[in-house]
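Below: the structure, in structure tokens.
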Amino acid sequence: MTKKKLALEMIERLKKEYPDAECSLDYNQAWKLLVSVRLAAQCTDARVNVVVQDLYAKFPTVEALAQAPVSEIEEIVKPCGLGHSKARDISACMKILYEKYHGNVPDDFDELLALPGVGRKSANLIMGDVFGKPAIVTDTHCIRLVNRMGLVDNVREPKKVEMALWKIIPPEEGNDFCHRLVYHGRAVCTARTKPYCDKCCLQDICKNNGVE
């Protein structure tokens, strides 16, 4: 089976297993997803979802956050770890959104990448979840699973994984496929325990069957 055919089969099986998979970061505006994805670096989405409630209670708009002292942002977000650098990036990013984009988030990938604290993973997440455009989000779950399953061969660098997946994943499927990999990575194809291959919907077509 070619990698492209394997990918299509995995996409269909994961659709049935996780029909409602979506981003696990809570947000109701594009700029809030930008904030949350920065805070999620080396932090759980669950903790981020709690912390941002206090952040938005105090700074409810792009303008408010852009004008907030970095020290006050840091005080709120420090439970997410790396508080100073995250607060600095969030402040700088919101300033650019407010001053250059009238409080809106740009829907251009390269413009997103130019924002402080925004890398390819974050930019792809925004493009896919907010704007409904083709996207492949290579987070830790995605990288671990596509290597285990045989969609890529011993590729760990996020951008290289992304480029490899673009070649075999239909553009309209990429974003949802990556969300489903997160669900599958948390529930079945786990990182900190032996994968639960006996209950995996991909077991018969997975390259490694849980063996790294």
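The values are calculated or read from the model by the stated rules, or taken from the named source; none is laboratory data. These figures come from a predicted structure and were not determined experimentally. Heads up, the Cβs are rebuilt from the backbone with ideal geometry, glycines too, and the neighbour counts pull from every protein chain shown.
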>> Restricting to segment 52-73, give me the number of residues that are part of a helix (DSSP H, G or I) and surrounded by fewer than 19 Cβ atoms within 10 Å (Cβ to Cβ).
In response: 11
> Restricting attention to segment 121-140, and to residues there that are touching a Lys or Arg at 6+ places or on another chain (Cβ under 7 Å) and closer than 18 Å to residue 11 by Cβ, which single residue is surrounded by the fewest Cβ atoms within 10 Å (Cβ to Cβ)?
Replying inline: 139
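Given the structure, is residue 37 at pLDDT 95 or above, crowded, with 18+ Cβ neighbours inside 10 Å and under 17 Å from residue 118 (Cα atoms)? Steps first, please.
Working: at pLDDT 95 or above: yes; crowded, with 18+ Cβ neighbours inside 10 Å: yes; under 17 Å from residue 118 (Cα atoms): yes.
Yes, satisfied.
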> Can you tell me how many residues in segment 141-151 are touching a Lys or Arg at 6+ places or on another chain (Cβ under 8 Å), more than 14 Å from residue 40 (Cβ to Cβ) and crowded, with 20+ Cβ neighbours inside 10 Å?
Replying inline: 4
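Identify, from the list 107, 89, the residue that is of a type in the set (D, E, K, R) and more than 17 Å from the chain's Cα centre (by Cα).
Values: 107 fails: more than 17 Å from the chain's Cα centre (by Cα).
The unique qualifying residue is 89.
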> Is there a residue being within 25 Å of residue 88 (Cβ to Cβ) and surrounded by fewer than 16 Cβ atoms within 10 Å (Cβ to Cβ) anywhere in segment 191-201?
Replying inline: no
> Which one of these is crowded, with 17+ Cβ neighbours inside 10 Å and either in a helix (DSSP H, G or I) or in contact with a helix residue (DSSP H, G or I) (Cβ under 6 Å, 6 or more places away or on another chain) (or both): 8, 14?
Replying inline: 14
